[in-house]
Each structure stands twice: as structure tokens, then as C-alpha cells.
Amino acid sequence: MSTLEWSDELACGYEDFDNDHKHLLGLYNKLCVSLGKIDDDQIADMLEELISYTGWHFRHEERIMQEYEYPDYFEHKQVHDTLVSQAKDLYEQFMDGVEGIPEQLLPFLKNWLVEHIMGLDKKNGQFLSEQQ
Ligand code: FEO
């Protein structure tokens, strides 16, 4: 799985969220280049960090969306909740010793980072930038 480079295409228009997304890309890339070179405990640590930071970032976005009464807040939050639940499910399978989970998690994360940021996050970022 290839790493992800930050580009203007990924910018959502709200700087704080762009910074969070850059950090998420960094965590994803760290996992991506480390797989095959590290043991399961280290993979688990990286997955925990990624899931934990993702949860923090989602709460960050949701707090700002609520503050500005973003009209699509509930739709966006529901997508966040589903993504966290799917990531936690894959993490638990990994901890249970199911084979091939990191290889499933990487495309899932890559797809999330690209599709979610370029879709719902951009829509939200555009709304927020119009409020300032
Ligand atoms: Fe940046 Fe909606 O997550």
C-alpha cells in the first residue's frame, strides 16, 4: 500500500482541520512504511495511536460544527461514528489474532482519509470558512 502525500486537493478550507488531517496522514504513512518490519505489539501501538487520534479529531470537528450550527452535523457525525466503529472492529480482530488485518486496515484508512476529507470535510470546511 502506498503512502499518502499532502496536497492542496486535500485541503478542506479550515486550517485547524487541515492540520489534524496532516497529522492523520503522518500516522497512516508511519504504519504503511513500518508494516513487515515491526512486530505485532508495535503494530498494535500504532493502530491504537491512529484510532485514538482519529477519535480526538472527530470530536474536534463535531465541536466546531455544533458551535457554528452546521446544518449537516448529524449526517457528518453519523459517518464519523461508523468509521470509528469499523476501525475498532478491525483493531479487535487484529488483537484476536485474525490474519491480514493491517492489510485490510490500510486500504480502509486510505479510502477514509481521501474520500471523507475530500467529501464531507470539504463541505464542512467551506461552510465554516463562509462563517468567518
Ligand atoms: Fe476530518 Fe469529518 O473528519
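If you check 61, 75, 115 for being within 15 Å of residue 28 (Cβ to Cβ) and among the acidic types (Asp, Glu), only one passes: 115. Take residue 129 and tell me if it is at negative phi, touching a Gly at 6+ places or on another chain (Cβ under 6 Å) and surrounded by fewer than 18 Cβ atoms within 10 Å (Cβ to Cβ). So residue 129 passes the test. Residue count for region 17-46 satisfying the condition of being away from the ligand (no atom under 13 Å from the Cβ), without any contact (Cβ under 8 Å) to a residue 24 or more places away in the chain and of a type in the set (S, T, N, Q): 2. When region 77-132 is limited to residues that are more than 10 Å from the ligand (Cβ to nearest atom), over 15 Å from the mean Cα position of the chain (by Cα) and more than 29 Å from residue 41 (Cα to Cα), the one that is modelled with the lowest pLDDT turns out to be 132.
Residue-wise test of (1) closer than 27 Å to residue 129 by Cα; (2) of a type in the set (Phe, Trp, Tyr); (3) open to solvent by 20 Å² or more (accessible area, probe 1.4 Å).
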site: 57; (1), (2), (3): yes, no, no
site: 72; (1), (2), (3): yes, no, yes
site: 76; (1), (2), (3): yes, no, no
site: 98; (1), (2), (3): no, no, yes
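Of all residues in region 98-112, those satisfying the criterion of being part of a helix (DSSP H, G or I) and more than 30 Å from residue 13 (Cβ to Cβ) are 101, 102, 103, 104.
Annotation: residue 43 fulfils all but one of (1) of a type outside the set (S, T, N, Q); (2) under 20 Å from residue 114 (Cα atoms); (3) surrounded by 13 or more Cβ atoms within 10 Å (Cβ to Cβ); the unmet one is (2).
The values are calculated or read from the model by the stated rules, or taken from the named source; none is laboratory data. Source: prediction; values computed, not measured. As a convention, Cβ positions derive from the backbone with ideal geometry for all residues, glycine included, and neighbour counts pool all protein chains shown. Only protein heavy atoms, including side chains, enter the accessible area calculation; ligands, DNA and RNA are left aside. Shrake-Rupley method; radii C 1.70, N 1.55, O 1.52, S 1.80 Å.
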